[in-house]
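Engineer: Structure provided below as structure tokens; questions to follow.
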Amino acid sequence: MSTTADAPAQDDGAGSGALTDGFHLVIDALKLNGVETIYHVPGIPITDLGRFMQAEGMRVLSFRHEQHAGYAAAIAGFLTKKPGVCMTVSAPGFLNGLTALAHATTNCFPMILISGSSEREIVDLQQGDYEEMDQLAIAKTLCKAAYRVLHAEDIGIGVARAIRAAVSGRPGGVYLDLPAKLLGQVLDAELGAKSLVEVIDPAPRQLPAPDSVARALEVLKGAERPLIILGKGAAYAQADDDIRALVERSGIPYLPMSMAKGLLPDDHPQSAGPARSLVLKEADVVMLIGARLNWLLSHGKGRTWGDAPKRFVHIDIEPREMDSNVEIAAPVVGDIGSCVTALLDGMGADWTAPPAAWTDAVRDKKDTNIARMAPRLQNNNVPMDFHGALGVLKDAIAERPDAILVNEGANTLDFTRSIIDMYKPRKRLDVGTWGVMGIGMGQAIAAAVETGCPVLAIEGDSAFGFSGMEIETICRYELPICVVVFNNGGIYRGTDVNPAGTDAATTVFVKDARYDRMMEAFGGVGVQATSPDELRQAVKAAMDSGRPTLVNAVIDPEAGTESGRIGNLNPQSVVAKK
Ligand code: ADP
Ligand code: TZD
Ligand code: MG
């Protein structure tokens, strides 16, 4: 319990005489609930809150922009199953953090955005306070829950509600509004301590109904060509052993969504990753575990899914997710750990593996695709193409399966996802449900801070630019992060020309940019790599030393395609010519 250092003695018979205040009650409430790390940008009215947190032994990481502190908090939530906390100043700082809070909510990651706010009386009369904004009203529409605390004795309850809302049921982002006046409010220390709330069982297990499990098993048993799809909800659930047991016991081929890669190792015999098109088209029963049928799975219908009729089994904690895009034959609502255990228990001794005709067809397709890709990954072309560079980085991860891979870009994202195998759960972090650029450095920092593991961030040059200034943060905290910028001189490609002949084309950047020199400016290691061999050496040195490093990997500006793998989502003009 902390009290204000220079508080005057007071004895009104109500408590100990010692005083505490809003600042310290916020700290005590967070610490009581196991929150030890804060992702942060200081300023009025929370500068002292950050200082006091540090003084009380919390880890307070100051960023250069709130959006990246927010993305760090969001991914900390994914990695730890506890809310990641971002703390910002009022209006502009709050808005900068809000993008990440909305991202956390969209991705079902538990996160709390704590923002200081201006005086309510002035804000509500719109009298133009310093950084005036009705933050609570704005946050409400963009996150799972939003709360404001007005009295110091309610801080304990406010923090408890925020934590429970973030992690229980479908996880998401929560906003907690702390007006400046609240932080300075004084309270008897003993009463303050009593007002704190330790959240018991913040994310209670949610057992599936037995008849829903039986129905799911019936549907699976009737399948000729079954498929399991693992999503990032399955990775989040930390039910790794049970999920693996279910997949292996069932004998069913599985497809990992991007951030579920490594939940089972990508070289597992049942992985259907390299046969994605075939299994989506041909499967007759598909069991989704913590994956939504959103755009990333073509909404469960259309060309991607072929003409073969399909029945879906869907495991998710959110009942409203069922039938969101297509009919679900067997909804199983509950937490993934409990659902998977129940399915395993129900499989019984007479469970039979899927027909060999199906598993053989999947394996053949996979073997063919892997064999076709292999020589392209060995190429030593200069300038490098994506395959030559990623062949090197694929080896780097295979040699260090504990390392965390952060990945964003368009071509840089799509090629990396399909080429680099992951071997352990929650080791691949990326742009998530929105395909958002800018998560890179925030995620890399949180990954290093929360896990202590080395981080390899593979970044398109455009993607990197969104959060590039945070390499100063990486150097300041001396984090073991190696950033590889795939520098193809632009968005998708570096070759666009403006037909009007005036400004540079909209998708191109300065030619021959040296991102490595940015890292040197802050005392980190910068390396220019123009060939796969140079890239291999640079990344090896970085991963061996653990020193903050940025490798400017020069990629052929012609190598990429428009929008990477999702160019089909671009609307077409009937008038304009490209
Ligand atoms: P992906 O993008 O990998 O396909 P999504 O983000 O679409 O994954 O889906 C994740 C799903 O996982 C969400 O529908 C969410 O409700 C669900 N989920 C998250 N945590 C759990 C959990 N512990 N138990 C059950 N479902 C969960
Ligand atoms: N802004 C935000 C926040 N998210 C986005 N997804 C975009 C803009 C649009 N966008 C993409 O979808 S990918 C991309 C942008 C700007 C950058 C692609 O260029 P890159 O990767 O250099 O990162 P490649 O390897 O050159 O394709
Ligand atoms: Mg690029």
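Read-outs throughout are calculated quantities, based only on the coordinates presented, and are distinct from any laboratory measurement. Everything quoted here is computed from the prediction, not taken from an experiment. Using ideal geometry, Cβ is built from the backbone for each residue, glycine included, and neighbour counts are taken over all protein chains shown.
Engineer: How large is the charge dipole for region 156-242, taken about the Cα centre, if only the Cβ atoms of Lys, Arg (+1) and Asp, Glu (-1) carry charge, to the nearest 20 debye?
Structural biologist: 320
Engineer: How much net charge surrounds R215 when only the other residues with a Cβ under 13 Å from the Cβ of R215 are counted, with Lys and Arg +1 and Asp and Glu -1?
Structural biologist: Local charge sum for R215: 0.
Engineer: Once both axes come from the Cα atoms, what is the angle between helix 240-250 and the longest principal axis of the chain, in degrees from 0 to 90, rounded to 10?
Structural biologist: 30
Engineer: What do you get for Rg/Rh over region 147-230 if you use C-alpha atoms and the Kirkwood form of Rh?
Structural biologist: Working: Rg = 21.6 Å, Rh = 16.6 Å.
When Rh is taken as the Kirkwood radius, the ratio is 1.30.
Engineer: Report the normalised scattering of region 408-564 as log10 I(q)/I(0) at q = 0.13, 0.14, 0.18, 0.21 Å⁻¹, calculated by the Debye formula with identical scatterers on the alpha carbons.
Structural biologist: -0.57, -0.67, -1.10, -1.47
Engineer: Under Stokes-Einstein, with the Kirkwood radius over Cα pairs standing in for Rh, what whole-number D in µm²/s applies to region 10-95 at 37 °C and 0.692 mPa s?
Structural biologist: Values: Rh = 13.9 Å.
It comes out at roughly 236 µm²/s.
Engineer: With everything on Cα atoms, drop me the angle between helix 336-347 and the longest principal axis of the chain, reported from 0 to 90° to the nearest 10.
Structural biologist: Helix 336-347 sits roughly 40 degrees off the main axis of the chain.
Engineer: Continuing with the same structure: Taking a ≥ b ≥ c as the square roots of the Cα gyration tensor eigenvalues, with a/c under 1.5 meaning rounded and otherwise prolate when a/b beats b/c, else oblate, which class fits region 268-369?
Structural biologist: oblate
Engineer: Pairs K31/K394; K261/K281; K261/K511; K301/K424; K81/K194: which are spaced more than 29 Å apart, C-alpha to C-alpha?
Structural biologist: Working: K31/K394 40 Å; K261/K281 21 Å; K261/K511 35 Å; K301/K424 31 Å; K81/K194 27 Å.
Beyond 29 Å between Cα atoms: K31/K394; K261/K511; K301/K424.
Engineer: Cα-based Rg of region 76-210 per 2.2 N^0.38 Å, rounded to two decimals?
Structural biologist: Values: Rg = 15.7 Å, N = 135, 2.2 N^0.38 = 14.2 Å.
The reported ratio for this selection is 1.11.
Engineer: To continue, here is another question. Calculated from DSSP H runs of 4 or more alone, at -39500 (n - 2.57) each and per residue, what is the 222 nm mean residue ellipticity of the chain, nearest 500?
Structural biologist: Details: 22 runs with 226 residues, N = 578.
The helix contribution divided over the chain gives -11500 deg cm²/dmol.
Engineer: Here is a follow-up. Is region 314-363 best put as rounded, prolate or oblate by its Cα gyration tensor, with a ≥ b ≥ c the root eigenvalues, rounded for a/c under 1.5, and otherwise prolate when a/b is larger than b/c, oblate when not?
Structural biologist: Oblate.
Engineer: Another one. Principal axis extents for region 169-215, Cα atoms only, whole Å, descending order, please.
Structural biologist: 57, 24, 8
Engineer: Can you pull the semi-axes for region 365-497, root of five times each eigenvalue of the Cα gyration tensor, sorted largest first, whole Å?
Structural biologist: Numbers: eigenvalues 112, 74, 34 Å².
Semi-axes (√(5λ), whole Å): 24, 19, 13.
Engineer: List, largest first, the extents of the alpha carbons of region 198-256 along their principal axes, each in whole Å.
Structural biologist: Projected onto the principal axes, the Cα atoms of region 198-256 cover 50, 27, 16 Å.
Engineer: Can I ask one more? Could you size up the charge dipole of region 342-399 around its Cα centre, putting +1 on the beta carbon of Lys and Arg and -1 on that of Asp and Glu, and report it in debye to the nearest 20?
Structural biologist: Result for region 342-399 is approximately 300 debye, rounded to the nearest 20.
Engineer: Any idea what diffusion coefficient region 324-439 gets from Stokes-Einstein, in µm²/s, Kirkwood Rh on alpha carbon pairs, 4 °C, 1.567 mPa s?
Structural biologist: 72
Engineer: Still on this structure, I have one more. Please give the peptides 111-122, 243-254, 303-314, 269-280 ranked by average Cβ packing (other Cβ atoms within 10 Å per residue), highest first, as a rough proxy for protection.
Structural biologist: Values: 111-122: 23.8, 243-254: 20.6, 303-314: 16.6, 269-280: 19.0.
Peptide ranking by packing, descending: 111-122, 243-254, 269-280, 303-314.
Engineer: For Cα pairs less than 8 Å apart in space and 6+ apart in sequence, what is the mean separation divided by the residue count of region 437-508, i.e. the relative contact order in percent? Walk me through the numbers before you get to the answer.
Structural biologist: Numbers: 96 pairs, mean separation 21.9, N = 72.
About 30 percent, as a whole number.
Engineer: Enter the per residue convex hull volume of region 161-304, computed from alpha-carbon coordinates, in Å³ rounded to the nearest integer.
Structural biologist: Spread over its residues, the Cα hull of region 161-304 gives 164 Å³ apiece.
Engineer: I've got another one for you. If packing is taken as the mean number of other Cβ atoms within 10 Å per residue, what is the order of 339-348, 452-461, highest first? If you can, show how the numbers build up before the last one.
Structural biologist: On the way: 339-348: 18.5, 452-461: 24.0.
Per-residue Cβ counts within 10 Å, averaged per peptide and sorted highest first, yield 452-461, 339-348.
Engineer: Here's a follow-up. Arranged from highest to lowest average of other beta-carbon atoms within 10 Å per residue, in what order do the peptides 80-89, 321-330 appear?
Structural biologist: The densest-packed peptide leads the list: 80-89, 321-330.
Engineer: Report the percentage of all Cα-Cα pairs in the chain whose separation exceeds 44 Å, rounded to a whole percent.
Structural biologist: Value for the chain: 23 percent of Cα pairs lie more than 44 Å apart.
Engineer: Over 5 Å intervals from 0, what percent of Cα-Cα pairs in region 6-152 sits in each interval?
Structural biologist: Bins of 5 Å from zero give 2, 10, 17, 21, 20, 14, 8, 5, 3, 1, 0 percent of pairs.
Engineer: Hey, another quick one. Quick one: which residues, 5+ away or cross-chain, put their amide H under 5 Å from the amide H of S117? H built at 1.01 Å from N.
Structural biologist: Long-range HN contacts for S117: L178, A180.
Engineer: Now for a different question. Determine the shape class of region 98-163: with a ≥ b ≥ c the square roots of the Cα gyration tensor eigenvalues, call it rounded for a/c under 1.5, and otherwise prolate if a/b is greater than b/c, oblate otherwise. Before the final figure, lay out each step's value.
Structural biologist: Details: a/c = 2.80, a/b = 1.37, b/c = 2.04.
Oblate shape, in that a/c is at least 1.5 and b/c is the bigger or equal ratio.
Engineer: While we're looking at this one, here's another question. Quick one: work out the % antiparallel among DSSP beta bridges in the chain, nearest 5. Present the calculation step by step, with values, prior to reporting the outcome.
Structural biologist: On the way: 4 of 71 bridges.
Given both bridge residues lie in the chain, the antiparallel proportion sits at roughly 5 percent.
Engineer: Along the charge dipole of region 69-228, pointing to its positive end and built from +1/-1 on Cβ of Lys, Arg, Asp and Glu, which listed residue (V219, A76, L196) has its Cα farthest out?
Structural biologist: After comparing all options, I get V219.
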